[in-house]
There are 2 protein chains.
Amino acid sequence: MNYTAEIICVGTELLLGNTVNTDARDISEALSELGINVYFHTVVGDNPQRLKSAVEIAKTRADIIITTGGLGPTYDDLTKQTLADCFGKKLVFHEKEARRIRDFFRRLDNMAMTENNLAQAYFPEGSIIFENSIGTAPGCAFDSGGKHVIMLPGPPGECKAMLRSGAIPYLKKLSDSEILSHNINIFGLGESAVEDMLRPLMISLENPTLAPYAKTGEVSLRLTAKAKNRDEAEELMKPVLEKVKDILGDYIYDVDSAGLENTVLRLMQERNLTLSAAESCTGGLLSKRITDIPGASNVFLGSIVSYSNPVKTGLLGVPAALIAERGAVSSETAVAMAEGARELLNTDLAVGITGVAGPGPDEQGNNAGTVFVALSGEKDTCFRSLKLGTDRNRVRIMAVHHAFDMIRRYLTGLSVI
Amino acid sequence: MNYTAEIICVGTELLLGNTVNTDARDISEALSELGINVYFHTVVGDNPQRLKSAVEIAKTRADIIITTGGLGPTYDDLTKQTLADCFGKKLVFHEKEARRIRDFFRRLDNMAMTENNLAQAYFPEGSIIFENSIGTAPGCAFDSGGKHVIMLPGPPGECKAMLRSGAIPYLKKLSDSEILSHNINIFGLGESAVEDMLRPLMISLENPTLAPYAKTGEVSLRLTAKAKNRDEAEELMKPVLEKVKDILGDYIYDVDSAGLENTVLRLMQERNLTLSAAESCTGGLLSKRITDIPGASNVFLGSIVSYSNPVKTGLLGVPAALIAERGAVSSETAVAMAEGARELLNTDLAVGITGVAGPGPDEQGNNAGTVFVALSGEKDTCFRSLKLGTDRNRVRIMAVHHAFDMIRRYLTGLSVI
């Protein structure tokens, strides 16, 4: 059977924009892995009438309703009461859970238990109880008239832990199929170009499915298959992955990579090579991105953020005459920066980035988005000359992506420019 | 009139759990500042039937419907078509927008425009168009039968920018009162400590209201007043702002600052001072953060990312003996790094940061989160010794925040340590 689930997150703080709804993301991710369709998320405040109306709507369009939030001890925690009402059930007291809650407070010897905490020991009749390994509020699940209801706590850590320990095992018993996904990582093509190239394939597919997602300057394709087990799912995806590789060629930089910097770091680690950088307009972003990854230090030795010309000439050895003649924003300066960094920091490869991040043009009249990225290796130095628009944030991210793309192409024997 | 809004986010990637719904948070936050009630968020996939059903439900319970996503060029981008259908409107072609889209691609000379991009130039009849300053897809707003519909793009950066430039001004015109807010920026106190100190004041207030918000390592208080006009709103807030300043003292680093780096940059610009940095565990994050701001180059001259010891000794002149004796992760090394950067880059102030970003301990057995931050000025160098937990991302952000906090305290004559 193909189940459909709806996630209802209860919490006024979500409607006020105080917190972002990571619970819905975490639950959706888990459901998608289980092969359960999610067609709607609903967020509603700590208001029993509106929660009730959301549940009534969900009952008409989902087999499984998963709620988060409103399980705590305070007067506005009304999820269990409301869901019980919607399904015509009573709340019953669980002595075992009451004991657990009392024990929880006993262990925190600086905290006295107020009586309202025992509200957390009441559950709709016939519920399976999910223990809360982090906080006091247990969750639960029940079924009624062919619908399954699961209630999880709102705090993201508690929700995620109970999802793993309680909800997923409960749901696995309902489902008989496995869903598996791969992310195909692409650089150098926009989302619409990717779709244009793949539309006939995408339309022809039913299982697996193929869908593009865009982040700033990157596109990924998610390939998802549903089968009896993991091996069969992989078998279904294999020929499609090959077809996508045939069509997109070396625009694909990896599969299941967390980002270009991760692929670059892995390629360099495999080859035992070191990297440094000289960054002007990106101001440290490339360094930051690669050092976001634990263990980057065996590859990335350091960088010079040369946000002023004296740093370019004094430290990186870019000739002042070259800057005077060609400009600080020029391919020649980018090349000299990369070569200077490679020598100064004594690495196998070095990147040089200079340009105008924007939003306005620079004092020399170079437009925002004019960027030169150079890569210096043992044998030679090459560069890309780019126009990256006028959004400062995007210009900087794209410049860094181009630098990483040049490195991965260099390391895998592809044309770099 | 008291308006009620519902946010409908369109995107299968949200239902699959690939992305977290920051758009709903950003929009909710803005609506709450405008005094518009939000009772529901709905998330729906790229499916016109289900989107239609979500819109029909929203029509029964909200005056304002704000959608995100599905405005792009691809065949599954159906938000405008669906909303037009729900309100009995046709889509009409806007030549001006088509021109803008063509221009966008012309400026990116390495990207060809595919014809499907022109779908983005169609809007429900009678729409006001919102320009997209970052991507290609414009947004729009229309009203019909007393309901207001606003459509924003899905990518969070584009959504947020258009919220500010298009949606908020549109919504402000619906309201006859003026809502004004100030953000009180705090560093060095947690959210619960702030709430504890201010609870009596917060509870006593009705207009203006005061509410705390936490980001990683920073807290802000939002002070919001509703009045006939801006001057009256300001008058209402003034005494409360003074009271908050009395209670929190120099934990308040600014009012209405976009972040510590913005306050630091402004203070340095006012004093005509220059800054450089030597970054180890933060790997360029401090440099990245300050150069995120346009115009940082008159203050921030550059930095050395010393992600390996040879860069610390060779470039920054940290004595090898000092590293051998005290360790690369020590207050002495942080001080030597700051002093080295200040000399090498010839700036008035310089920061040195060394530590263990985590998640694990370093090879010398220093725990994750052990960080030393030094600030070197004309007369002396001082440092903070920090324990920042084990979350790599948080450790790095907090280290940078401490560096900025030291600078703002130094510049405003407060104790730095």
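The values are calculated or read from the model by the stated rules, or taken from the named source; none is laboratory data. Bear in mind the structure is a predicted one, so any value in this text is a computation, not a measurement. Ideal geometry is used to build each Cβ from the backbone, glycine not excepted, and the neighbour counts take in all protein chains shown. Protein only, heavy atoms only, side chains kept; ligands, DNA and RNA dropped before computing areas. Shrake-Rupley method; radii C 1.70, N 1.55, O 1.52, S 1.80 Å.
Hey, among the residues in region B:191-247 that are charged (D, E, K, R) and under 20 Å from B:Ala30 (Cα atoms), which one's nearest to the chain's Cα centre (by Cα)? Filtering region B:191-247 for residues that are charged (D, E, K, R) and under 20 Å from B:Ala30 (Cα atoms), the one nearest to the chain's Cα centre (by Cα) comes out as B:Lys215. Looking at A:Asp292, A:Asp254, A:Asp246, just one residue is within 8 Å of chain B (Cβ to nearest Cβ), open to solvent by 20 Å² or more (accessible area, probe 1.4 Å) and farther than 13 Å from B:Ser303 by Cβ, and that residue is A:Asp292.
For region B:208-239, filtered to residues that are touching a strand residue (DSSP E or B) at 6+ places or on another chain (Cβ under 6 Å) and either of a type in the set (Val, Ile, Thr) or loosely packed, with under 14 Cβ neighbours inside 10 Å (or both), the residue that is farthest from B:His401 (Cα to Cα) is B:Asn229. Assessment of region B:28-44 against the conditions (open to solvent by less than 40 Å² (accessible area, probe 1.4 Å), modelled with pLDDT of 95 or more, in a loop (DSSP other than H, G, I, E, B) and under 18 Å from B:Gly139 (Cβ atoms)) yields no matching residue. Tell me, which strands (runs of 3 or more DSSP E) lie completely within region A:84-150 with 2 or more residues that are crowded, with 18+ Cβ neighbours inside 10 Å, in contact with a Gly (Cβ under 7 Å, 6 or more places away or on another chain) and in the same structural domain as A:Ile8 (by TED's automatic domain parsing)? In region A:84-150, A:139-144 are the strands (runs of 3 or more DSSP E) which contain 2 or more residues that are crowded, with 18+ Cβ neighbours inside 10 Å, in contact with a Gly (Cβ under 7 Å, 6 or more places away or on another chain) and in the same structural domain as A:Ile8 (by TED's automatic domain parsing). Here B:Glu115 clears all of (1) within 24 Å of B:Pro156 (Cα to Cα); (2) at the interface with chain A (Cβ under 10 Å from one of its Cβ atoms) except the condition numbered (1). May I ask you to verify whether A:Thr19 is part of a loop (DSSP other than H, G, I, E, B) and within 19 Å of the chain's Cα centre (by Cα)? In short, yes.
Could you tell me whether any residue of region A:158-177 is of a type in the set (Gly, Ala, Ser) and under 30 Å from B:Gly157 (Cβ atoms)? Within region A:158-177 (the criterion being of a type in the set (Gly, Ala, Ser) and under 30 Å from B:Gly157 (Cβ atoms)), the answer is no, since none of the residues qualifies.
Number of residues in region A:19-74 that are under 21 Å from A:Leu171 (Cβ atoms) and free of Cβ contacts under 8 Å to residues at least 24 places away in the same chain equals 5. Within region A:323-357, the set of residues being assigned to a helix (DSSP H, G or I), touching a residue at least 12 places away in the same chain (Cβ under 8 Å) and either small (Gly, Ala, Ser) or open to solvent by less than 40 Å² (accessible area, probe 1.4 Å) (or both) comprises A:Ile323, A:Ser331, A:Thr333, A:Ala334, A:Val335, A:Ala336, A:Met337, A:Ala338, A:Gly340, A:Ala341, A:Leu345.
Taking the conditions (1) modelled with pLDDT of 95 or more; (2) open to solvent by 10 Å² or more (accessible area, probe 1.4 Å); (3) more than 11 Å from chain B (Cβ to nearest Cβ); (4) outside any helix (DSSP H, G or I) in turn, A:Gly365 satisfies each one other than (1). Of the numbered criteria (1) within 11 Å of chain A (Cβ to nearest Cβ); (2) under 25 Å from A:Val55 (Cβ atoms); (3) surrounded by fewer than 23 Cβ atoms within 10 Å (Cβ to Cβ), the one B:Glu13 fails is (2).
The conditions of being open to solvent by 10 Å² or more (accessible area, probe 1.4 Å) and over 17 Å from the mean Cα position of the chain (by Cα) are not met by B:Lys160. Reported count of residues in region A:176-207, each being within 9 Å of chain B (Cβ to nearest Cβ), open to solvent by 20 Å² or more (accessible area, probe 1.4 Å) and either without any contact (Cβ under 8 Å) to a residue 60 or more places away in the chain or hydrophobic (A, V, I, L, M, F, W, C) (or both), is 6. Consider region B:267-289 and keep the residues that are of a type in the set (D, E, K, R) and over 18 Å from the mean Cα position of the chain (by Cα). The one that is least open to solvent (accessible area, probe 1.4 Å) is B:Glu279. Consider region A:373-417 and keep the residues that are part of a loop (DSSP other than H, G, I, E, B) and open to solvent by less than 30 Å² (accessible area, probe 1.4 Å). The one that is farthest from the other protein chains (Cβ to nearest Cβ) is A:Gly377. Residues in region A:308-322 that are facing chain B (nearest Cβ under 8 Å) and open to solvent by less than 40 Å² (accessible area, probe 1.4 Å): A:Ser308, A:Val311, A:Leu315.
Yes or no, residue by residue, for (1) over 21 Å from A:Tyr39 (Cα atoms); (2) facing chain A (nearest Cβ under 8 Å); (3) not β-branched (Val, Ile, Thr):
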{"position": "B:Asn21", "(1), (2), (3)": "no, yes, yes"}
{"position": "B:Ala24", "(1), (2), (3)": "no, yes, yes"}
{"position": "B:Ala30", "(1), (2), (3)": "yes, yes, yes"}
{"position": "B:Asn37", "(1), (2), (3)": "yes, no, yes"}
{"position": "B:Phe40", "(1), (2), (3)": "no, yes, yes"}
{"position": "B:Val44", "(1), (2), (3)": "no, yes, no"}
{"position": "B:Gln49", "(1), (2), (3)": "no, no, yes"}
{"position": "B:Lys59", "(1), (2), (3)": "no, no, yes"}
{"position": "B:Ile65", "(1), (2), (3)": "no, no, no"}
